[in-house]
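The values are calculated or read from the model by the stated rules, or taken from the named source; none is laboratory data. Just so you know, these numbers come straight off a predicted model, no measurement behind them. Heads up, the Cβs are rebuilt from the backbone with ideal geometry, glycines too, and the neighbour counts pull from every protein chain shown.
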Amino acid sequence: MRIDAALRQARERLASSPSPDLDAQVLLCHVLARPRSYLFTWPERELEAHQQQSFLALLARRERGEPVAHLTGEREFFGRNFSVTPDTLIPRPDTETLVELALKLGPAGPARVVDLGTGTGAIGLSLALERPQWQVTLTDLSAAALSVAGGNARQLGAQVTLQQGSWLEDCRGPFDVIVSNPPYIDPADHHLDEGDVRFEPRSALVADQRGLADLATIITQSAARLVAGGWLLLEHGYQQGAQVRALMEAGRFDGVRTERDLGGNERVTVGRKLTVDS
């Protein structure tokens, strides 16, 4: 089977996917261990028997709904490849908004930063690699997820601290910046039965109180762990901006605002602690 024929067949079989062309290309590149440019430079190249077999096997799994990131074992985020397993949330482009804001708002010099519920480590490791002078801690309640984050840190050459625990309970602080993409989906949301999220850990997706429970906990704990002038940055659902702003404003935060993601949806709310704990 030629490369162009393999892609054509894959597009047809993955027609129900939101991105059939991209899915097909990523899976074939994974099998061939080649960049996407190779597919278009050599469309007439014949796949070897074992390559065709591997590609068709991955294609069948994708047809059943398995995420591409689980099939390839990785996902690109902020210009770097991160290992992904079923124990972690799959990094998404909209979360890059959180990283960009943290880099913009965080200190220019040394700083103590913590990424809560780190999963693959995509957020915290991106910050550590972009700001080597920052001391970054990655936390997660899941030992399996923290192991994935540690593997990504070693692979990418990032110097970070790994700590298992629930949010800020075991973090001494104080911190200059706290970032998190916590669970924020309502357990009753029908989207949990659709797309990639069906294969992701439910604990990384859902939260009580219509998705606000973990966000509220982090906001409360952060008020006692941030330095005066420190920033809290939280990703949340596109319809939760007003509620998260209200939670922050009810706490010890000023300058509270919500930034939009790549799709124009309210996605990240930030606030600054301006008072010193009494």
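Quick notes on this one:
Residues checked against (1) closer than 19 Å to PHE199 by Cβ; (2) modelled with pLDDT under 95; (3) touching an Asp or Glu at 6+ places or on another chain (Cβ under 9 Å); (4) of a type outside the set (A, V, I, L, M):
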| site | (1), (2), (3), (4) |
| --- | --- |
| PRO67 | yes, no, yes, yes |
| GLY73 | yes, no, no, yes |
| PHE82 | yes, no, yes, yes |
| LEU116 | no, no, yes, no |
| GLY119 | yes, no, yes, yes |
| GLY124 | no, no, yes, yes |
| GLU130 | no, no, no, yes |
| TRP134 | no, no, yes, yes |
| THR161 | no, no, no, yes |
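- Residues of the stretch 244-261 that turn out to be surrounded by fewer than 16 Cβ atoms within 10 Å (Cβ to Cβ) and over 18 Å from GLY230 (Cα atoms), as a count: 2
- Among the candidates SER222, SER180, residue that is in contact (Cβ under 8 Å) with a residue 40 or more places away in the chain, out of contact with any helix residue (DSSP H, G or I) (no Cβ under 6 Å at 6 or more places or on another chain) and crowded, with 18+ Cβ neighbours inside 10 Å: SER222
- Flag if GLY230 is under 24 Å from VAL136 (Cα atoms), touching a Lys or Arg at 6+ places or on another chain (Cβ under 6 Å) and in contact (Cβ under 8 Å) with a residue 40 or more places away in the chain: yes
- Yes/no for GLY264 being assigned to a strand (DSSP E or B), surrounded by fewer than 18 Cβ atoms within 10 Å (Cβ to Cβ), in the same structural domain as LEU141 (by TED's automatic domain parsing) and at positive phi: no
- Any chance GLU96 is assigned to a helix (DSSP H, G or I), more than 23 Å from GLY151 (Cβ to Cβ) and out of contact with any His (no Cβ under 9 Å at 6 or more places or on another chain): no
- Listed by first and then second residue, the pairs linking a residue in the stretch 147-160 that is not assigned by TED's automatic domain parsing to the domain that holds TRP134 and exposed (fewer than 15 other Cβ atoms within 10 Å of the Cβ) to a residue that is hydrophobic (A, V, I, L, M, F, W, C) and not in a helix (DSSP H, G or I), with Cβ atoms under 9 Å apart and 6 or more places separating them unless they lie on different chains, form an empty list.
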